[in-house]
Amino acid sequence: MHLKPSPRAISLYYFGIFAVLGVYLPLFPSWLEGRGVRGLAMGAIAATLPAMGLVAPPVFGLIADALGVRVWLIRAACAGALAVFALLALSSALDVSLGFGGLFAAALAFAFFRAPMFTMADVVAIETSLTSGIAYGRLRLWGSISFALMAIVSGALIDPARPAAFPVAITAALLVAFALSWALPAGDEAPLQRLGMRGGAQGAEGAARAAAAGGSVRERAGALLRGRDFRLFLAASFLAQSANSSYDLCYTLHLRDVGFPEPLVGVAWAVGVAGEIALMAFSGPLLQRFAPPVALAVAFAGASLRWALLSQVRFWPALLALQPLHAVSFAMMWVASLAYTRDRAPPQILATAQGLFSASAGAGSVIGMLTWGELYKRGGGALTFGVASITAAIAFVLAVTFARSTRRSLSGSSIFSAGSQCQE
């Protein structure tokens, strides 16, 4: 019997995995500084997260589509990430200095396992939204709520200067996420059995069926990549995420340097996520009214404006007032990207298409992380976010070109509106 994950189980899992990021993103740069890691070295370590976002999602996407697995990949990824941070917490508690090489290796291993934890969750959520009638945004927003809560709590309770505090908190959050992954039923997933069926008569029969249905996973993915609109979409995603990574790496440092009250740093992150939550909750009507390429162009324009303002504003209440723009620069970009990916790709390669989008965004983050740390070291927030604004503006130009080149309407309403129904 094929069991689909319930919307409640997916929402709980989102809550668990985004609790990890709610601690990781705001505190990781400060924790690295406390270990003596700054400038280019900090950027190199921080870049491991998007670097694995470049490599892991396409690989896991192909595996997921070829073997028909989703949940088992999620569970394996959660277990791997938990093991990495448990070892890091132990070494910190024992006051064992890992140095740059050890910290880089730990960050790289965590990033490898983290990628499918999130990418596969989106695939499962999109597929479940088709059968449950619940919009993707309403499932995903529980992750944003979790991130906001943990950003506030971790900012108030965790001192990055204490070596063990940060990795212990991440380990605890990963343990919860791993436990919640078992609330997602694996259904009829049987990867080992499917691997065994790839040879012999059964393999030949499966190949014939794939050819009759329009090709293998690789052939379908190749056809998707040959589309000009999809390539423009990937290029714009690369640039936009490169600009967004300046926020992930340098925002906390920028607030500190302009005199933002330290106890309110977590609140600032949470205000941004509150805007993200609001947009995701109402993303269905938004994407019924505007095609995803149009929504993406608006998102990139909003991001360019946000980074330009952030580079110039110094008055801390004004900086806090800018945070709701996160709804446009991130949330609108994300839901519109998933809407486009789901409607543009055949359902047989949904995980692969999602992996290609994640890889493009991950590549942008890699370049960004390697750039922003050094730029911030040389010119502070003014230089860093000024360059990010220009980068997002270029993504906007590509998105306008992409929107004009799209020949068919991609409304996204099938998965992002609350009344979505199962599609065969």
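Kindly check whether there is at least one residue in region 74-83 that is modelled with pLDDT under 85 and either crowded, with 18+ Cβ neighbours inside 10 Å or of a type outside the set (Lys, Arg) (or both).
no
Conditions: (1) modelled with pLDDT under 80; (2) on the phi < 0 side of the Ramachandran plot. Residue 261 meets all but one. Number of the miss?
That leaves (1) as the condition not met.
For region 35-44, name all the residues that are surrounded by fewer than 24 Cβ atoms within 10 Å (Cβ to Cβ) and among the aliphatic types (A, V, I, L, M).
Correct list: 37, 40, 41, 44.
Go through region 315-356 and give me each residue that's among the small types (Gly, Ala, Ser) and in contact (Cβ under 8 Å) with a residue 60 or more places away in the chain.
If the condition is that a residue be among the small types (Gly, Ala, Ser) and in contact (Cβ under 8 Å) with a residue 60 or more places away in the chain, then 329, 331, 336, 337, 339, 345, 351, 353, 355 are the ones that fit.
Between a first residue in region 109-136 that is more than 13 Å from residue 74 (Cβ to Cβ) and small (Gly, Ala, Ser) and a second residue that is open to solvent by 20 Å² or more (accessible area, probe 1.4 Å) and modelled with pLDDT under 80, which pairs have beta carbons less than 7 Å apart while being 6 or more apart in sequence or on different chains?
Cβ pairs passing all conditions: 111/49; 111/51; 133/419; 133/421; 135/418.
Here is a yes/no grid of residues against (1) open to solvent by less than 10 Å² (accessible area, probe 1.4 Å); (2) among the charged types (D, E, K, R); (3) in a helix (DSSP H, G or I):
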{"site": "349", "(1), (2), (3)": "yes, no, yes"}
{"site": "352", "(1), (2), (3)": "yes, no, yes"}
{"site": "358", "(1), (2), (3)": "no, no, yes"}
{"site": "362", "(1), (2), (3)": "yes, no, yes"}
{"site": "366", "(1), (2), (3)": "no, no, yes"}
{"site": "370", "(1), (2), (3)": "no, no, yes"}
{"site": "374", "(1), (2), (3)": "no, yes, yes"}
{"site": "382", "(1), (2), (3)": "no, no, yes"}
{"site": "388", "(1), (2), (3)": "yes, no, yes"}
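Given the criterion among the aliphatic types (A, V, I, L, M), closer than 19 Å to residue 150 by Cα and open to solvent by 20 Å² or more (accessible area, probe 1.4 Å), identify the matching residue among 267, 328, 294, 313.
Sole residue among the options that is among the aliphatic types (A, V, I, L, M), closer than 19 Å to residue 150 by Cα and open to solvent by 20 Å² or more (accessible area, probe 1.4 Å): 267.
Give region 254-287 a look and list any residue that's more than 22 Å from the chain's Cα centre (by Cα) and within 19 Å of residue 30 (Cβ to Cβ), or say none.
Result: 254, 255, 256, 257, 258, 259, 260, 261, 262, 263, 264.
Working only within region 63-73, note down all residues that are open to solvent by 10 Å² or more (accessible area, probe 1.4 Å) and either among the hydroxyl-bearing types (Ser, Thr, Tyr) or touching a helix residue (DSSP H, G or I) at 6+ places or on another chain (Cβ under 6 Å) (or both).
65, 66, 67, 70, 73, listed by residue number.
Which of the helices (runs of 4 or more DSSP H) contained wholly in region 132-233 include at least 2 residues that are surrounded by 13 or more Cβ atoms within 10 Å (Cβ to Cβ) and modelled with pLDDT of 75 or more?
Because the criterion is at least 2 residues that are surrounded by 13 or more Cβ atoms within 10 Å (Cβ to Cβ) and modelled with pLDDT of 75 or more, the helices (runs of 4 or more DSSP H) in region 132-233 that meet it are 136-157, 165-181, 217-225.
What single numbered condition from (1) farther than 22 Å from residue 53 by Cα; (2) surrounded by fewer than 24 Cβ atoms within 10 Å (Cβ to Cβ) fails to hold for residue 306?
(2)
Looking only at region 22-45, count every residue that is small (Gly, Ala, Ser) and either closer than 18 Å to residue 92 by Cβ or over 22 Å from the mean Cα position of the chain (by Cα) (or both) and tell me the total.
5
Consider region 251-264. How many of its residues are among the β-branched types (Val, Ile, Thr) and surrounded by 23 or more Cβ atoms within 10 Å (Cβ to Cβ)?
Of the residues in region 251-264, 1 are among the β-branched types (Val, Ile, Thr) and surrounded by 23 or more Cβ atoms within 10 Å (Cβ to Cβ).
The values are calculated or read from the model by the stated rules, or taken from the named source; none is laboratory data. Here the structure is a predicted model, which is why all the values come from computation and not from measurement. Neighbour counts run over all protein chains shown; Cβ positions are idealised from the backbone, glycine included. Protein only, heavy atoms only, side chains kept; ligands, DNA and RNA dropped before computing areas. Shrake-Rupley method; radii C 1.70, N 1.55, O 1.52, S 1.80 Å.
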